[in-house]
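Written out below as structure tokens is the structure these notes cover.
The values are calculated or read from the model by the stated rules, or taken from the named source; none is laboratory data. As the structure is a computational prediction, the values presented were derived from the model and not from experiment. When we count neighbours, we look across all protein chains shown, and the Cβ atoms used for this are built from the backbone with ideal geometry, even at glycine. Note: accessible area is taken over every heavy atom of the protein model, side chains too, but ligands, DNA and RNA are not part of it. Shrake-Rupley method; radii C 1.70, N 1.55, O 1.52, S 1.80 Å.
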Amino acid sequence: MDPNHSTSEAHTRGREPLLPPSIVRYILTFSARHQVVLAALSVTVFLLSVAPLEFQRRIVNEAIGARSVTPIVWLAIGYAGVALLGGGCKLMMNIYRGWLGEKAVRHLRNVIYGATQITPHAHSAAAEGVQISLILPEVEPIGGFIGTSTSEPLLQGGILLSVFAYMLYL
């Protein structure tokens, strides 16, 4: 055994690493399908965010025209329906993000715990302290990032572009 290598390196030599070398690769390996679903929900949410603007414009134009109350009531019902649908989609997206983040945290904790159990000194007090410090707080931010890594930039950029496009449309 080479004294320049640690025991864990000698143990894992010749095996695939437990985790991919980059966070992007981990996201793609661990949650590619879920990221596609989150991207679709993000697109739905940002497209639905433009509809209330059009409803508001039409409600004001109908009220100024003072033709009849009936179209205003129907537009208000439509506005409420689109607002509820957009809010429901956003709720689904946020719940899905949270679930995906928690799933990633659980996976990372299991990988770290499994990796620490294969080393010969895994049961020493120092090793258990390192293990606990890695398993508990270190993986939480990574899990949160995995849940929002694709959907949040897509959602915010889509809202920005769709509002600008609507303003140009007017």
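Tabulated results
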{"read-out": "Förster radius 25 Å - calculated FRET efficiency between Val24 and Leu170 (Cβ-Cβ, nearest 0.05)", "value": "0.05"}
{"read-out": "Local net charge near Glu102, Cβ-Cβ under 14 Å (Lys/Arg +1, Asp/Glu -1)", "value": "+3"}
{"read-out": "Approximate spin-label separation Val37-Arg57, in nm, with each point projected 7 Å along Cα-to-Cβ", "value": "3.5 nm"}
{"read-out": "Backbone HN-Hα couplings from phi across the stretch 43-58 [Karplus 6.51/-1.76/1.60, Hz, Gly and Pro as x]", "value": "4, 4, 5, 6, 6, 6, 6, 7, 4, x, 4, 5, 4, 4, 4, 5"}
{"read-out": "FRET E, pair Leu136, Ala80, Förster distance 41 Å, beta-carbon r, rounded to 0.05", "value": "0.40"}
{"read-out": "Using θ = phi - 60° and Karplus 6.51 cos²θ - 1.76 cosθ + 1.60, couplings along the stretch 74-89 (whole Hz; Gly, Pro as x)", "value": "5, 5, 5, 5, x, 4, 4, x, 5, 5, 5, 5, x, x, x, 5"}
{"read-out": "Distance in nm between pseudo-label sites at Tyr113 and Tyr96 (7 Å out along the Cβ direction from Cα)", "value": "2.9 nm"}
{"read-out": "Percent carbon-and-sulfur accessible area, the stretch 26-102, ignoring ligands, DNA and RNA, probe 1.4 Å", "value": "74 percent"}
